[in-house]
Each structure stands twice: as structure tokens, then as C-alpha cells.
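Please read the structure below before turning to the comments.
The values are calculated or read from the model by the stated rules, or taken from the named source; none is laboratory data. Not measured: the values here are computed from a predicted model. A quick note on method: Cβ atoms are made from the backbone with ideal geometry, for glycine too, and the neighbour counts reach across all protein chains shown. For the accessible areas, the whole protein counts, side chains as well, though only heavy atoms, and no ligand, DNA or RNA atoms are used. Shrake-Rupley method; radii C 1.70, N 1.55, O 1.52, S 1.80 Å.
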Amino acid sequence: MSEHAIEFLRGWIGEKVQCQPSPAKIEKQAETLARECAAKAAEAGIPLEDIQEEVGDIQELIASRLEEAAEADESEKNSSKPAE
């Protein structure tokens, strides 16, 4: 995959992938974001195939990033609770 495609994907995921409160919402948002990412990549002249060649299914990648964000958010909430 080209360096341009890698930079695009990293920047796009960093900007768009936010924590979701439930697994059902993660899957739905991953599907929506994958379509949006493919469209934005095409606008930037980056073929979806270039991205998929490097990372595989972008919907799965986005879903895993959403899950990581949710886990990090949960950990942060738990660590900020005062000890009882």
C-alpha cells in the first residue's frame, strides 16, 4: 500500500473513530464509517483495494478501533472512581 494511503487511513480513523457505548452500536457505526472511509479515500484518489491490501476489511478494522476506544473509555472511568 502506498504511503499516501497509509497516511490517509491513519488520519481518517483518528478523526472519525470515537467511543460507542454498546456493541450493537459499534457494529452499526463501523459499517457506516467503512462506507464513508471508502468514499473519502476515492475522493482522495486512493483505491479501496490499496487500503484493503494492507489492512484487510476496513469495517473490521474500524470495529476493532471502536472496541478499543470503548475499552479505554471504560478503563478511564473505572480508574477515576474514588476507592471505597
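What to note about this one:
- Using a probe radius of 1.4 angstrom, the carbon and sulfur fraction of the accessible surface of region 20-73 is 49%.
- Farthest toward positive dipole pole in the chain [+1 Lys/Arg, -1 Asp/Glu at C-beta], among 70, 13, 42: 70
- Residues in region 8-72 average 59 Å² of solvent-accessible surface per residue, probe 1.4 Å, ligands and nucleic acids excluded.
- Shape category assigned to region 27-84 from the gyration tensor of Cα positions, a/c cut at 1.5: prolate
- Relative contact order computed over the chain (Cα-Cα under 8 Å; 6+ residues apart), in percent: 43 percent
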